1. For the stretch 85-117 and the stretch 297-334, what is the separation of their C-alpha centers, rounded to whole Å?
2. Order of His326, His151, His82 from fewest to most other C-beta atoms within 10 Å?
3. Would you work out if the stretch 214-344 is rounded, prolate or oblate? Take a ≥ b ≥ c from the square roots of the eigenvalues of the alpha-carbon gyration tensor; rounded if a/c is under 1.5, else prolate when a/b is larger than b/c, oblate otherwise.
4. Taking the Cα centre of the stretch 257-340 as the origin and placing charges on Cβ (Lys, Arg +1; Asp, Glu -1), which of Gly335, Gly269, Trp258 is farthest toward the positive end of the dipole?
5. Under a GNM of the chain (C-alpha, springs under 10 Å), which listed residue has the highest mean-square fluctuation: Gly421, Gly269, Gly347?
6. Restricting to Cα pairs below 8 Å that are 6+ residues apart, what does the relative contact order work out to for the chain? Please round to a whole percent.
7. Can you sort Cys56, Cys380, Cys111 by how many other beta carbons sit within 10 Å, fewest first?
8. For every helix of n ≥ 4 consecutive DSSP H residues, a contribution of -39,500 (n - 2.57) applies; sum these over the chain, divide by its total residues, and give [θ] at 222 nm rounded to the nearest 500 deg cm²/dmol.
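Each value in this text was obtained by applying a stated rule to the coordinates, not by laboratory testing. From a predicted model like this one, the values you see are computed outputs, not experimental measurements. Using ideal geometry, Cβ is built from the backbone for each residue, glycine included, and neighbour counts are taken over all protein chains shown.
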Amino acid sequence: MLKPLIPLFMALSLASWCHAQDDVVLIDSAAQQPLLTPLDRQFIVARLAQLDLSECQTRILRERPRIVYRQLSLPHRGQPLHISVAADVMRTLNMVIYIQNGKEWREFYDCRRDTLLPALAIIATAQIDTKALGQEEIGSNVIRQEVLARHSQLSSHEPSKLMARTDSDDINSLYLDFTLSSKHPLFASASPLVRVQEVAADVLENFIPGDEEYLMQLYLAFTGRLSQYVGTRDSSPVVARRLNPSVFYRMWSSDDSWLDLGFAHESNGQHISTPESYERERARYIAKGEDPDFARDAISRGWDYSFIEWRQEWNSKLRSQLSLSHYLQKGPQQGLSEEYYTWEDNGTQLRPRRQYDGVRLKLQYNFNRSRCFLGDSFVCFKELELTQETGYSAMFDNNTTTVEFTADLFGLPIQLWGRTGYNSDLVDYYNYSNSWGLGFELVTP
């Protein structure tokens, strides 16, 4: 008796399933519809069917939630369900789940995350078909999802490096040198500030020629460089070379193009600032039977500076980065700057930092992964980078050139690095030297 009804039940179930998928609507704050594949829709319907709203906490909303980034709407157990998410929902879980009953909006919160997260990932990362919209440039929603996917948590600022290095103005042996650098967004999920940033980006879009759209974000960053003299100096000391906290606003125009405006403090964390303390430090090294010039490691350097930095990705292979810094004689964090002291080498002429640094141009060429040898992943050329630095006072009198070549060796980012000029470290920023190193460059993807 039931056998003839089985095809009918299957047909009704299939029709209901297809109808549920057709009712899945994803829209963004600009009233555009990010693309959902049939598989995406099928997965979302199946996943959210497991969501039991009775397990969530609930409250009545005074008004319908605004679409900050994207909103998904679909039927759920006989009633329309809406999920409005922020762009960084995967990090912050900043979302509103609600239904509408007449003129009342009821929010559900503290729901099961394991049920929601896979669907949220699709909602946040679905791409917009910009060609269908007649846009050659990537739209702001896609920029936002790409940027926040890589930079909404702790991520690379400058490249982090671990290498064996040598400098002509240091010991005659290799030493370990490591740089750690990261940034983190500030107030990324604070709704009022996010809205202010969106409005500011909209204002800029109206004044800047072209069709590009932008994303603005405030960041806190820190870069630290330290050196360790393993087996070449007594007790294998670790010497702080550079401590560089900064805060800056970044205006993204793509995932690899941006403009930074910021303020930073740079120092080496050392303590010697008088000729008497320097002579005491030299005497200490002499008593230990070591080179008294090691006392230079403890000379204090420090200054505050403001900066502007423009990075542009011209195509898939070529990027440029122009940085301009202005060093302050007296800053809010440092106070009076600590630069060259005439007692260091019995000098008579000051050597301010601005004569040796402040203008930096970096060019980066990215190789195709097809430039590999001995298979697809044994040795692959990654990138070649050339950096030119000079001071903004007496420009081009004191120049520094740096070359970096990075390759993948069994998936490890091996880097060969060389520099000629100034700024080997903050203590010796005014001394000309030649440096080179071999090691690893580590950045977040």
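1. About 41 Å separates the Cα centre of the stretch 85-117 from the one of the stretch 297-334.
2. Ascending Cβ contact count within 10 Å gives the list His326, His82, His151.
3. Cα axes put the stretch 214-344 in the prolate bin.
4. Working it through, the farthest residue towards the positive pole turns out to be Trp258.
5. Gly347
6. 10 percent
7. Working: Cys56 14, Cys380 20, Cys111 17.
The most exposed by this proxy come first: Cys56, Cys111, Cys380.
8. Numbers: 7 runs with 88 residues, N = 445.
It lands at -6000 deg cm²/dmol.
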